[in-house]
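Here's the structure, in structure tokens; my notes come after.
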Amino acid sequence: MMNGCGDGNDMEMGAVSGQSQDGLMSREKSALEGLVEKERLLDELFKLEEEASRAIARASSSKALAETATAVLGKRSTLSTIHRQVASLQPEERKEIGQRLNEVRQKLDELIAEKRESLSAHEREEQLEAERMDLTEITPSFLRGHLHLVTLTQMELEDVFVGMGYKVAEGPEIETDWYNFEALNIPPDHPARGMWDTFYLEVGEPESVLLRTHTSPVQIRLMLEGELPIYAVAPGKCYRRDTADARHIPIFHQIEGLVVDRGITFGDLAGTIETFTTAYFGPRIHSRLRPSYFPFTEPSAEFEITCTICTGKGCRTCSDTGWVELGGCGMVDPAVFSAVGIDSEEWSGFAFGFGIERCAQMRHQIADLRALIENDIRFLEQF
Ligand code: PHE
């Protein structure tokens, strides 16, 4: 070293330097070892940095990342081992390694923090997605239908009469001959029975029990209850041996009206019919009464309303008359009052009855009544 000649000389010099040269040699040796050690540590740090960075990048969950962080930075990590080894280095080298160590630790800290942030954001998203409730989701449910047009019409008609102070009554669909005919002033074998094509049931005496042909027997039931005065309507099913056509079906609905009070006149009947007509069909539709015959009313009338198809101008539906028949009506016949024991000198009254299907037909311009019982959903769902 002194003359600047290579290693061999150094050794030689050392060999002749005796004790003091021995000291120099070991200093040099330890400096050399220190250098090697430093290089080794730097190398190790480099490798550690690489491996740890990759391990952090690989962590697939917050939990895995926490484990990686402990392995990389914890007390038993390579980093800590290197840290402990630094203590045995010369100050110069210690400083260099120390700096590098801090750099590596800082870098790994940052990588871990970044990774932790992105993992937890991702996990939050996954959790939200898993717990998400889709309130807009349409779950398959049963198709809900609605009430049939005839039922809706019946309910509306009831409403109109309830609004006029009437109560709603009901009677059975299976009647005896007495309620359906006799008490209504239609004795057995009377030609007026021909007005109704009756279904008889095979119960009791022949032709004694039947499917009611009209709602008029409810008049009898109401009057037999014995409470006067009466202001009532009675809707319900009726049966006739009719062949179905555009304006008739064998099972149909009527709504019966009955008023019994003191001093009731034909004018009250006409006014009631007109009030009902405009309330249900609207102000442009009116009513008129035409003389007719029913055994249980005297005088009797058929009541007609303005044809809703042509509003009275005349068309095919109304046979160019501008009017369409809706039902029958009249003043309660004294013979009916006597059948139920009401004094016709003190009480008087009127009755009316008309088809509910016919009302729906007029209100909604239904060309053929049979559509109401064919159950074609495309037709029914319109109402
Ligand atoms: N019941 C009669 C029919 O079905 C209608 C009606 C009812 C007539 C009340 C007068 C009074 O034809």
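Below, the figures for the structure above:
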{"read-out": "Count of residues meeting criterion [more than 16 Å from the ligand (Cβ to nearest atom) and either within 20 Å of PHE337 (Cβ to Cβ) or not assigned by TED's automatic domain parsing to the domain that holds ASP159 (or both)] in region 179-218", "value": "1"}
{"read-out": "Residues of region 337-383 satisfying the condition of being without any contact (Cβ under 8 Å) to a residue 40 or more places away in the chain and of a type in the set (Phe, Trp, Tyr)", "value": "PHE379"}
{"read-out": "Single match in ARG144, ARG132, ARG221 (criterion: surrounded by 10 or more Cβ atoms within 10 Å (Cβ to Cβ) and either of a type outside the set (S, T, N, Q) or not assigned by TED's automatic domain parsing to the domain that holds MET362 (or both))", "value": "ARG221"}
{"read-out": "Residues within region 266-298 that are away from the ligand (no atom under 16 Å from the Cβ) and part of a loop (DSSP other than H, G, I, E, B), tallied", "value": "5"}
{"read-out": "Check on GLU302, within 14 Å of the ligand (Cβ to nearest atom), within 43 Å of the chain's Cα centre (by Cα) and over 30 Å from GLY226 (Cβ atoms)", "value": "no"}
{"read-out": "Number of positions in region 221-260 that are over 45 Å from the mean Cα position of the chain (by Cα) and closer than 17 Å to PHE296 by Cα", "value": "3"}
{"read-out": "Every residue from region 251-265 that is part of a loop (DSSP other than H, G, I, E, B) and within 14 Å of the ligand (Cβ to nearest atom)", "value": "ILE264"}
{"read-out": "Whichever residue in region 305-323 is out of contact with any helix residue (DSSP H, G or I) (no Cβ under 6 Å at 6 or more places or on another chain) and not in a loop (DSSP other than H, G, I, E, B) and, among such residues, is surrounded by the most Cβ atoms within 10 Å (Cβ to Cβ)", "value": "THR306"}
{"read-out": "Subset of region 324-351 (residues that are assigned to a helix (DSSP H, G or I) and of a type outside the set (Gly, Ala, Ser))", "value": "PRO334, VAL336, PHE337"}
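The values are calculated or read from the model by the stated rules, or taken from the named source; none is laboratory data. None of these values were measured; they are calculated from a predicted model. Every residue, glycine among them, receives a Cβ derived from its backbone with ideal geometry; neighbour counts consider all protein chains shown.
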